[in-house]
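Some notes on the structure that comes next.
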Amino acid sequence: MPFIIEIFPSDRLVIQTFFGDITLEENKKAHAELVSHPDYDDRFCGVTDFRRAKKVYSKDEIREIQKDAESIDLKSRWCSLELNPKNTALALLFNSTLECSSKHSVFTTVDEASAFLQKPDLPKCIRSISDTHPEIGSL
């Protein structure tokens, strides 16, 4: 699977890390795995880290994402970490479609995401994922 899910209950934080080519189907699998995780709480803040990934979605899948985003009601703050210009554009499109867009944002640095989420331990948590999962590669 080209994704890793880590939940830090004491920090009330979820981090999804994607790497390699990511299809919409794989993104949906990651979401299903996340919400079924025993430590998951939808009130936790979250980061979806796509910095090591390339989203490979068709035009129809992009429309599907937009349609799905219209019904999402975030209970906490979430953000996407992006480096690839196409990924960033897709994340901004998703963000602009959300009714609760004030609870979601897109960043290129961990420090920006940490400030938005008000989670000072975010850099440490992301480093721990990189350290324990060498298969994701380095930045």
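Suppose we filter Glu33, Glu6, Glu26, Glu64 for residues that are within 22 Å of Leu93 (Cβ to Cβ) and in contact with a strand residue (DSSP E or B) (Cβ under 9 Å, 6 or more places away or on another chain); which single one remains?
Glu26
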Which numbered condition in (1) under 19 Å from Phe8 (Cα atoms); (2) surrounded by fewer than 20 Cβ atoms within 10 Å (Cβ to Cβ); (3) within 13 Å of the chain's Cα centre (by Cα) is the only one that Asp131 fails?
(3)
What is the number of the single condition among (1) over 21 Å from Ile126 (Cα atoms); (2) in contact (Cβ under 8 Å) with a residue 60 or more places away in the chain that Ser71 does not meet?
(2)
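Read the figures in this text as sums done on the coordinates, not as results from a lab. Remember, predicted model here, so these are calculated numbers, not experimental data. With ideal geometry, Cβ positions are generated from the backbone for all residues, glycine too; neighbour counts draw on all protein chains shown.
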